[in-house]
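A.B. asks: Quick one: structure below, then a few questions.
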Amino acid sequence: MEQKPKFNICHNDFKEIMEDSKRAELIEFAVKYNGKAVESNEMDANAVATSLLGLSTAIETANSILNGSNAKVSVKVHGSFRPGSFIIDIASFYSTPSVIQTVFNSGNIETVHNVIETLGIVSAGVCSAGAVTYKTLIWLYKKIKGKKILTKKSLDENTCQITVEGCNEEIPVNIIVLNLYENKKIQQALENVVSPLDDEDMSDITFLVDGKEQEKILREERGYFHLEDTDIIDKKEDVDHFVITQCNFEGKQTGWRLSFGNSQQSKGKLDDFSVKVLDENFLHMVSRKEVIISNEGTVIIEARYRKTTHKAERLTVNWEILEVLNTDSLTNNHKHPKYKAKSFDEF
């Protein structure tokens with residue numbers, strides 16, 4: 001049985017950080033991952049690394065947007081392990097204090113606290129001129145719920161009003177927050193931050209300062225952070241047969257690779273590709289060992305899939321298995337239906 005990788009971050013005393021903080025602003029907060037999946041104070045190494053890298057990217061990108069090249073933010077982490085949760089303590093501070101001092105005095109720079117507050121990681125006020133204005137990025141994600149922005153109308157130099165698909169309500173939004181929301185690098189970063197919530201045994205990701213909750217993202221809210229890629233050039237849904245060349249034996253959505261053709265072809269993992277399996281019923285069966293799958297390229301599944309091609313820096317193809325259709329034959333050792341092997345380009 002494949003062993004679950006552990007992710008242990010050694011504790012640092014932050015001596016170097018604290019020395020820098022004498023000359024530059026330092027803010028410390030914690031990210032707490034909650035749910036049955038972390039009751040043993042362990043997390044899947046890939047999941048936590050992806051989430052933390054996304055968080056670091058979001059902070060650094062937001063700082064770059066707000067402050068340009070005037071100040072650089074560094075993000076340092078160390079782990080804390082307490083019953084029933086997995087906590088990462090994070091320190092963010094400016095790494096160019098000599099430059100900071102001059103710019104702070106000129107009033108032309110947002111502090112590291114303001115940057116993280118704008119993202120919504122630490123608390124921020126939301127009232128403006130008697131009306132609620134969405135001043136943090138996370139709150140805006142929750143309000144819009146992943147829907148497309150249809151209109152934008154400027155109210156003043158700090159605020160604009162937006163409408164979203166399927167909703168007639170006009171939503172007042174801080175302009176800086178809207179700029180962050182529309183930044184593709186931050187969009188991808190926040191999608192990575194919430195990616196551990198794809199595990200059904202995760203309940204939420206919570207941000208804390210001095211043990212006090214600042215913001216919480218629930219598992220049922222994770223879809224709000226998966227924005228539709230505007231650079232999609234092709235999307236296709238169909239049904240076909242695939243050979244499993246790599247399985248996630250714990251029944252997770254990621255860590256799967258599929259191929260096409262007969263098992264002889266797939267043994268060498270020729271033309272196999274990474275997929276995300278979204279069929280919760282099938283994943284349950286795998287985790288409970290109700291279907292026996294090896295990485296030898298001998299198990300064939302018939303599945304409804306989605307193939308999405310989008311263009312960013314290069315052409316990228318994402319594969320998702322929406323539903324595995326032949327689960328009965330997998331559990332009862334029935335013979336798999338015959339089918340004609342396809343070339344990779346035919347999918």
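A.B. asks: Work out how much length Lys185 to Glu220 would gain on full extension: take 0.36 nm times their residue separation and subtract the Cα-Cα distance, in nm to one decimal.
C.D. replies: Contour length minus the Cα-Cα distance gives 10.3 nm.
A.B. asks: How many nm separate the modelled label positions at Lys72 and Glu39, each set 7 Å beyond the Cα in the direction of the Cβ?
C.D. replies: 4.5 nm
A.B. asks: What FRET efficiency comes out for the pair Asn46/Thr316, r = Cβ-Cβ distance, R0 = 25 Å, nearest 0.05?
C.D. replies: 0.85
A.B. asks: Leaving out ligands, DNA and RNA, and with a 1.4 Å probe, what % of the accessible surface on region 143-230 is carbon or sulfur?
C.D. replies: Whole-percent figure for carbon plus sulfur exposure: 42.
A.B. asks: Can you compute the label reach from Lys147? Point 7 Å from Cα along the Cβ direction, backbone N cut-off under 13 Å, restricted to region 164-182.
C.D. replies: 164-172, by backbone N distance to the label point.
A.B. asks: Turning to a different aspect of this structure: Take the alpha-carbon centre of region 60-74, take the same for region 164-201, and report the distance between them in whole Å.
C.D. replies: Here the two parts' Cα centres lie 19 Å apart.
The values are calculated or read from the model by the stated rules, or taken from the named source; none is laboratory data. Because the structure is a prediction, the values reported are computed rather than measured. Cβ: placed from backbone, ideal geometry, glycine included. Neighbour counts: every protein chain shown. Ligands, DNA and RNA are stripped out before the accessible areas are found, and what is left, the full protein with its side chains, is counted by its heavy atoms. Shrake-Rupley method; radii C 1.70, N 1.55, O 1.52, S 1.80 Å.
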